[in-house]
Amino acid sequence: MSFFSSLLKRNEKAGGGDEAPVFIENGDALSTETGQSASTKTTGAIATARSPAPSPSATPRSSAVGLSLASAFKKITTGDLLTELHPSNHGVAAGTDEPDAGSKSPSVSVVIVGAGLAGLAAAHSLRCANQGISLLVLESSDRVGSRIVTRDLESSNGRDFWDLGAQWISGSQIHMMQLVDQLDLQMYTQTDAGTHLAHFDDGRKVAFEALTHPFSSMTKLDYTTFISKVEKLRLEVSLENPEDCPMAREWDSVTLEQFRKQHIWTAAAQQYFDAQIKLVFGVPPSEMSTLFFLFVISSAGGWHSLFEMGSETAREFRIKGGTQRVCEILADKINRSYLKLGDPVVSINQSDSELVTVQTLSGKRYRCERVIVALPPKYTAKINFSPPMTMERDGLLQRMPSGNSLYFVVTYKEAFWQKQGFSGYVIRVTSSANKPSQSEAETTENGAGPQIPFTALFDATTMDQSPALSGKVEATKWRQIPIEERKVAILKGIEFYFGVEAMEPLDYAEVDWGTESFCSSYPSCVFAPGAITGYFQALKTPFQRVHWAGEETTVRWFGFMDGAVYSGKRAAQEVLNELRPDVVVGV
Ligand SMILES: Cc1cc2nc3c(=O)[nH]c(=O)nc-3n(C[C@H](O)[C@H](O)[C@H](O)COP(=O)(O)OP(=O)(O)OC[C@H]3O[C@@H](n4cnc5c(N)ncnc54)[C@H](O)[C@@H]3O)c2cc1C
């Protein structure tokens, strides 16, 4: 049974298979909604999560953030994509179940495949440009947002919202900052006040402060020398053409694990590096090329942005009410009648010289002028392309593995870890993700501690001061265990670090990203050795009338929501260049 036919039953149940074809009209509300140009609005509000013992650095850090946002918005509003509005979009998207009778007229100008953040950003850009370009977004699952998911849980204040997928944004992510502003959302600072903990394989629990490393001075020197080396080398990697840098072949033939063996000397620093890589990329350093690693660091603006916590880092802010609100509001602004959920695209046919035919699992066909495919590589590879995709793109899709993790949130009445002076951040430096570390084995044998499922833990206290901890579990081992047992093991792990109050949560939720249909790419794909030098340009080069979006096709903040938004805008601009060359969306 094929991947798609195994899903047919579920989709029929969800109503995706037997809807009447839709006739999509121009949404009257759109002009009003999008008529509020970002350039006329104020910067999205930022609040700092209150902490019982705020760090002395909290206030200066917040003001630094305000400054960086102001400069980011100055840049954005210059080429604002919402300023050009025309009321003349007579969008028609008539999907048909009938065999294509050779009609030469498109049912819609542009079909966007995938309603994750990238697909929504592409659709939003096209709707805002509003140059008579009709569009339709086809989504396989029954909701928008995919790797972005927010749940409401019982909290100390009644109920509140927590993210179980993408959760943080950074002031240096200008495309996300712009969206937060346009959509009138509020952000708050991820608290980093208090002491972090690193728990090593040999049982040592090392306390350390933000922006420092949990080592003795010799190991620290080893690690910081390595960081300096990486920062120097990554400057040689061009974001648009990483395959062209002088050392490209050498770095792309070496795994990151081999590279770090050559450049980090001490065992503790090596293990800590591996733990940081697994936390950020979801896979161990043995699975990605060194060139890819250097490319991603550059795409995020440096080591600090990618690996640290605090100002101008990837873990700087959260969005009040959860990140899924970004996708839900975007879907409203695009106009939900342009979105068809629960019906995956199965084929894209470009054999006609003028039009592309996109077919869904339920048998509907849409003829269009251009297609934007906004999917993770492993799902793009499941679509039947006719003519087949280029060898280069096919080769690339086979060299982009992704991780396999489970995310959880536990809510509490009180932030007991903060009272003890802890930030709530714990990184577990285990030598193997899937078997208990030495320290676990020892503590279990001694009866002194539990087997701990999570490899990282964060304070997830909300803007309304509802205390919570969130964390990440390497799922291969722990998904075999029933959820109630897994939950108890997680609580015991928290108790191990922060005391007995951990055992009295208010609520618990988890998402296993390894088993979610259509979005099992945690948090993103990586490039295996050889992929960049062999195939990088195929990632975003349009394939005839098919354009590529999705955060894995980006050169800015690769692996992050900001990259997804950027890729959607870039693909929208490519389509406009072909259909309305005079319109600029401002990428
Ligand atoms: C657990 C986790 C934590 C993360 N943390 C962060 C974070 O803190 N900060 C951050 O910036 N980023 C984070 N990310 C990454 C972020 O979520 C992604 O970069 C971003 O959401 C990717 O968006 P996308 O649109 O490119 O892809 P996706 O979200 O994967 O969207 C693709 C869409 O295509 C649909 N689809 C698939 N196949 C088909 C088909 N055949 N037909 C139609 N539709 C199809 C899918 O259902 C999905 O809706 C995290 C991701 C995960 C999983």
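The values are calculated or read from the model by the stated rules, or taken from the named source; none is laboratory data. From a predicted model like this one, the values you see are computed outputs, not experimental measurements. Cβ sites come from the backbone with ideal geometry, for glycine too, and all protein chains shown count toward neighbours.
Within the stretch 284-309, work out how many residues are surrounded by fewer than 22 Cβ atoms within 10 Å (Cβ to Cβ), in a loop (DSSP other than H, G, I, E, B) and either within 13 Å of the ligand (Cβ to nearest atom) or of a type in the set (Phe, Trp, Tyr) (or both).
Number of matching residues: 1.
I need the helices (runs of 4 or more DSSP H) fully contained in the stretch 472-587, keeping only those with at least 1 residues that are in contact with an Asp or Glu (Cβ under 6 Å, 6 or more places away or on another chain).
It comes to 475-478, 531-535, 561-579.
Considering only residues that are within 11 Å of the ligand (Cβ to nearest atom), farther than 13 Å from Val546 by Cα and not small (Gly, Ala, Ser), which ones fall in the stretch 361-383?
Leu361, Pro376, Pro377, Lys378, Tyr379, Lys382
Can you tell which of Glu236, Glu243 is at pLDDT 95 or above, in a loop (DSSP other than H, G, I, E, B) and of a type outside the set (Lys, Arg)?
Glu236
In a strand (DSSP E or B), touching a residue at least 12 places away in the same chain (Cβ under 8 Å), among the aliphatic types (A, V, I, L, M) and buried (at least 19 other Cβ atoms within 10 Å of the Cβ): which single residue out of Ala207, Ala198 fits that description?
One residue alone meets the criteria, Ala198.
Based on this model, can you work out whether Ser170 counts as within 12 Å of the ligand (Cβ to nearest atom), within 27 Å of Leu279 (Cα to Cα) and surrounded by 24 or more Cβ atoms within 10 Å (Cβ to Cβ)?
For Ser170, the condition - within 12 Å of the ligand (Cβ to nearest atom), within 27 Å of Leu279 (Cα to Cα) and surrounded by 24 or more Cβ atoms within 10 Å (Cβ to Cβ) - is met.
Taking the conditions exactly as written (at pLDDT 95 or above and either under 28 Å from Gly119 (Cα atoms) or among the aliphatic types (A, V, I, L, M) (or both)), does Thr515 satisfy them or not?
Judged against the criteria, Thr515 is not a match.
Please determine whether any residue of the stretch 310-318 is touching a residue at least 12 places away in the same chain (Cβ under 8 Å), farther than 18 Å from Ile532 by Cα, outside any helix (DSSP H, G or I) and aromatic (Phe, Trp, Tyr).
yes
Among Ala528, Ala564, which is more than 10 Å from the ligand (Cβ to nearest atom), within 24 Å of the chain's Cα centre (by Cα) and closer than 22 Å to Ala381 by Cα?
Among Ala528, Ala564, only Ala528 is more than 10 Å from the ligand (Cβ to nearest atom), within 24 Å of the chain's Cα centre (by Cα) and closer than 22 Å to Ala381 by Cα.
Tally time: how many residues in the stretch 330-374 are under 14 Å from Ser141 (Cβ atoms) and at pLDDT below 95?
0
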